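Note sheet for the following structure.
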Amino acid sequence: MNRPLRAFDYIAMNVYYLGISFMWNTVGRFLLQAILPRANMVGRDNAEAALGLLSFVGLLIATIVQPAAGAFSDPFTSRWGKRYPFVVGATLVDLIFLAGIAFAPNYWVLLAAYWLLQFSSNIAHGPYQGLLPDLVPEKQRGVASGVKQFIDTSGLIATALIVPRILGDPDTALDTNIQMMVAVVAFVLLGTMMLNVVLVREPATARAPVIDRPREKFSFARALHFVNRFPDFSWLIAARLAILGGLAFISNNAQFYFQKILLGHITDVDAAIKAAVTLQGDLLTTVVLTLVLFTLLAGPLSDRVGRKSVNVIGGLIAMVGAIVLLFARNAPAPFIGINDLLGAGGLIGIGMGFFTSANWAWAVDLTPPEDSARFLGLTNLATAGATVVTSLLAPFISLFNAQSAGSGFTFMFVVGIIGFGLGVVMLFQVKETRGQKG
């Protein structure tokens with residue numbers, strides 16, 4: 001863009017993130033958990049294990065395809081630019097695989113549709129991430145990135161507010177609810193993509209000279225050398241992996257817990273799923289709203305009192321929230337009168353608000369200025385890796401539940417709580433930076 005950027009430009013160039021965020025939060029937090037327990041899929045007893053397989057392979061696909069597609073788009077030339085051809089083409093293909101999820105007659109069709117959606121969506125997502133640095137001058141990228149983060153979070157808020165009202169509607173058949181929900185996802189995804197393309201023009205690209213860069217190959221020796229050279233950053237990444245892993249393990253399987261334990265008295269499977277969707281929506285809304293509020297407070301607070309204390313306090317509060325959630329029964333809590341489930345969600349939101357904001361600031365402090373992109377990329381890898389690693393544990397929930405009803409969910413909470421606690425312990429190994437480069 002040749003003219004100065006305005007607030008509208010920042011929103012317009014990031015608006016597709018709203019569609020991506022809404023789609024993946026809806027599919028990953030609600031739809032799969034509503035579809036899998038049904039009789040034509042895997043049934044209630046095997047739903048956790050089936051979700052673990054879907055998530056593990058799906059996230060591996062995303063981890064490989066997204067950076068590969070982004071790198072492939074860098075030298076791409078066309079009259080429509082180098083990013084939009086991938087964004088438009090892959091988004092249209094997404095609609096096919098979304099339909100596959102909505103109308104899947106069995107688990108294997110669902111599995112194929114979900115994995116293919118991961119593939120096609122990340123062919124769009126990878127190149128799209130390059131649009132911001134392509135169009136925004138370096139001095140303005142902080143503002144643009146902040147808008148991007150806000151839009152991402154808006155997608156999660158929209159999910160919490162909209163999905164339960166459609167997917168959990170007790171007056172219509174669950175099949176109809178699922179198909180209607182997927183139609184809304186497709187509409188938002190396609191609409192935000194079209195807005196992005198129409199409102200933000202990407203210049204045509206000419207062929208750039210090919211630069212031959214040596215590729216670094218992974219080896220355990222190289223990884224060990226990195227840990228020895230940057231011990232503080234390595235401990236921070238490990239702590240982030242543990243805490244986000246604990247959160248992911250609980251949140252990804254929470255709807256199954258609601259269906260089988262808190263709402264176990266509902267014998268009709270579809271009715272239990274709808275009620276669980278509504279309950280999860282209430283919990284997620286509480287978590288997200290408190291998270292957003294305390295994220296805004298945590299950044300300035302960590303500048304004043306230090307990164308370590310805010311990270312540790314956040315991890316401990318979230319751990320207490322997970323413990324409260326384990327004993328919550330969706331009833332007024334003793335002495336304080338508020339719903340125990342929402343109280344647990346509030347504690348988790350407060351804790352994660354403190355942690356996520358201050359943890360990112362701490363990571364920025366510890367990155368070498370000349371190599372910040374690679375280091376912060378490792379931070380994002382830990383975020384995705386948390387779900388990948390914990391999805392391998394999901395089959396044990398089904399296994400333990402088969403041995404003793406409810407014991408699998410006790411295992412789920414114990415692992416999550418250990419993840420929070422282990423992460424907090426690791427944080428004490430990281431040096432304090434107090435907002436200054438370390």
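The values are calculated or read from the model by the stated rules, or taken from the named source; none is laboratory data. The structure presented is a predicted model; accordingly, all values stated were derived computationally and were not measured. A quick note on method: Cβ atoms are made from the backbone with ideal geometry, for glycine too, and the neighbour counts reach across all protein chains shown.
For GLY423, are the conditions met, namely being assigned by TED's automatic domain parsing to the domain that holds GLN259, closer than 29 Å to TRP362 by Cα, buried (at least 19 other Cβ atoms within 10 Å of the Cβ) and at pLDDT 90 or above?
Yes.
Let's see how each residue does on (1) under 25 Å from VAL57 (Cα atoms); (2) basic (Lys, Arg); (3) touching a helix residue (DSSP H, G or I) at 6+ places or on another chain (Cβ under 7 Å):
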| site | (1), (2), (3) |
| --- | --- |
| ALA394 | yes, no, yes |
| SER398 | yes, no, yes |
| VAL414 | yes, no, no |
| GLN429 | no, no, yes |
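Selection within region 30-45: residues that are modelled with pLDDT under 95 and in a helix (DSSP H, G or I). The member of this set that is surrounded by the fewest Cβ atoms within 10 Å (Cβ to Cβ) is ASP45.
What is the one condition in (1) touching a His at 6+ places or on another chain (Cβ under 9 Å); (2) assigned to a loop (DSSP other than H, G, I, E, B) that LEU5 does not satisfy? Looking at each condition in turn, LEU5 falls short on (1). A count restricted to region 314-354 and to residues that are in contact with a strand residue (DSSP E or B) (Cβ under 9 Å, 6 or more places away or on another chain) and more than 18 Å from PHE249 (Cα to Cα) stands at 7.
Counted as qualifying within region 84-167 are the helices (runs of 4 or more DSSP H) with 1 or more residues that are within 19 Å of the chain's Cα centre (by Cα) and surrounded by fewer than 20 Cβ atoms within 10 Å (Cβ to Cβ), namely 107-128, 141-167. Residue pairs whose Cβ atoms lie under 6 Å apart, sitting 6 or more positions apart in sequence or on different chains, and linking a residue in region 166-177 that is free of Cβ contacts under 8 Å to residues at least 60 places away in the same chain to a partner that is surrounded by fewer than 20 Cβ atoms within 10 Å (Cβ to Cβ), are ILE166/MET180. Within region 391-412, the set of residues being surrounded by fewer than 18 Cβ atoms within 10 Å (Cβ to Cβ) and either closer than 18 Å to LEU262 by Cα or free of Cβ contacts under 8 Å to residues at least 40 places away in the same chain (or both) comprises PHE396, ALA402, GLN403, SER404, ALA405, GLY406, SER407, THR410, PHE411. Determine whether ASP282 is assigned to a helix (DSSP H, G or I), of a type in the set (Asp, Glu) and more than 25 Å from the chain's Cα centre (by Cα). Considered against the rule, which asks whether it is assigned to a helix (DSSP H, G or I), of a type in the set (Asp, Glu) and more than 25 Å from the chain's Cα centre (by Cα), ASP282 comes out as no. When the residues of region 329-357 are filtered to those that are touching a residue at least 60 places away in the same chain (Cβ under 8 Å) and assigned to a loop (DSSP other than H, G, I, E, B), the one that is nearest to ILE261 (Cα to Cα) is ARG329.
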